[in-house]
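Student: Just passing along the structure, written as structure tokens.
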Amino acid sequence: MTYGDSPPAVQVGWTDSATPKKAYPQDDDTNVPLRTWQDDSGKSHTSRVYATYDLSAYEGKKIYSANVFLQKRSVADCSKRAVEIWRTKPVTSTPTWNRPAAPLAKLGEILTPVQFCPGATITFDVGAAVQDAVAHRQRYITFEIRVPEQHESDASYSRGLHPYRGVQLSTQFNSMPQIDSAHLYNGGLPCTQLKPYPRIGGFARTLQAVGTDVDEYDQGSVTTEVAIWPKANPDARHVYSPWSKKCFFTHDRTAPTVTSSNYPADTTGEWGPAGVPGIFTFSGNRNKDVAGFEYSWSELGAHACSASGDYGQWE
């Protein structure tokens, strides 16, 4: 089963060519500028956006996909759109125009006109970049979002991103199942790599392992495979995963009869007398196998059973 997540942002902000030594971290009130514009004095400004995310929670997990979403709030010209996304060397604070994050690879671009203006959402597939960062145990990944160089000085391509939802990273992942090395057994004897090796055979030739999965909804569906090979010939490898022996049980679906003298079965849609204790009679209908009864206002439990051992074996 795959799970969706949004890793925490370490920094989201922008740079400004007119103030090349200053960084502008995102706040919750100001549109994130992805644009070129002129101030009241006629001075030209060009901004690029940077976003860094913490991937440490994905160590040991398999990334299936990842997307960066840009939520626009303002658009200069709905007939024009040109946006690029780059992966850069990771930075944990917003860079400046003079000291930008070093680019690593261009991940995508969109050059088509806006269909829903101005509030359209742009989606970039960054799955390969996130997979690479996780595979190389890089805690942070940084993206640069900019207008392509050939259009960057053209104010008609300017955009303003939402101050709170402007840049977001979403992932689809699954935790990798693990084998509990403390519970490996050969014929009931603990796993060992030291001589003398345990001799197994006859009825004591079972190989046992315990698999675990940290994902909540995958914990009950972990299956394992066992591979065996002669020590002197590792290439003669065989996967050992046969079905277990058959088990049989009888499911008794016969329910007891329940009657009441003052709370009869609700056949008329009316309830019994208010404030009067109910008297109920349980009958096993003379079935000699019936040893007792259990009742509840909701679900019934496993009567007189308890779990023991490390793995909850019922007794």
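Student: Quick check, is K80 farther than 23 Å from W97 by Cβ, of a type in the set (K, R) and assigned by TED's automatic domain parsing to the domain that holds T121?
Tutor: Details: farther than 23 Å from W97 by Cβ: yes; of a type in the set (K, R): yes; assigned by TED's automatic domain parsing to the domain that holds T121: yes.
Yes, satisfied.
Student: For L169, state whether it is aliphatic (A, V, I, L, M) and outside the structural domain of A9 (by TED's automatic domain parsing). Walk me through it before giving the result.
Tutor: Values: aliphatic (A, V, I, L, M): yes; outside the structural domain of A9 (by TED's automatic domain parsing): no.
Taking the combined requirement at face value, the residue does not satisfy it.
Student: May I ask you to say which residue of G188, G160, G127 is of a type outside the set (A, V, I, L, M) and over 30 Å from C78 (Cα atoms)? Explain how you work it out, then say what you get.
Tutor: Working: G160 fails: over 30 Å from C78 (Cα atoms); G127 fails: over 30 Å from C78 (Cα atoms).
One residue alone meets the criteria, G188.
Student: A further question follows. Would you check if V239 is surrounded by 10 or more Cβ atoms within 10 Å (Cβ to Cβ), hydrophobic (A, V, I, L, M, F, W, C), at pLDDT 75 or above and within 39 Å of the chain's Cα centre (by Cα)?
Tutor: Judged against the criteria, V239 is not a match.
Student: Among the residues of the stretch 64-78, is any among the small types (G, A, S), touching a residue at least 60 places away in the same chain (Cβ under 8 Å), touching a strand residue (DSSP E or B) at 6+ places or on another chain (Cβ under 9 Å) and within 22 Å of G127 (Cβ to Cβ)?
Tutor: So in the stretch 64-78, the residues among the small types (G, A, S) come out as 65-66, 74, 76.
Now narrow it down to the ones that are touching a residue at least 60 places away in the same chain (Cβ under 8 Å): 65-66, 74, 76.
After this cut, where a residue has to be touching a strand residue (DSSP E or B) at 6+ places or on another chain (Cβ under 9 Å) as well, the list is 65-66, 74, 76.
From what's left, within 22 Å of G127 (Cβ to Cβ): 65-66.
Yes; the residues of the stretch 64-78 include at least one that is among the small types (G, A, S), touching a residue at least 60 places away in the same chain (Cβ under 8 Å), touching a strand residue (DSSP E or B) at 6+ places or on another chain (Cβ under 9 Å) and within 22 Å of G127 (Cβ to Cβ).
Student: Which one of these does Q38 not meet: (1) over 18 Å from A129 (Cβ atoms); (2) out of contact with any helix residue (DSSP H, G or I) (no Cβ under 9 Å at 6 or more places or on another chain); (3) surrounded by fewer than 13 Cβ atoms within 10 Å (Cβ to Cβ); (4) not small (G, A, S)?
Tutor: (2)
The values are calculated or read from the model by the stated rules, or taken from the named source; none is laboratory data. Worth saying up front: this structure is predicted, and the values here are computed from it rather than measured. Here Cβ is always computed from backbone atoms with ideal geometry, including for glycine, and neighbour counts include all displayed protein chains.
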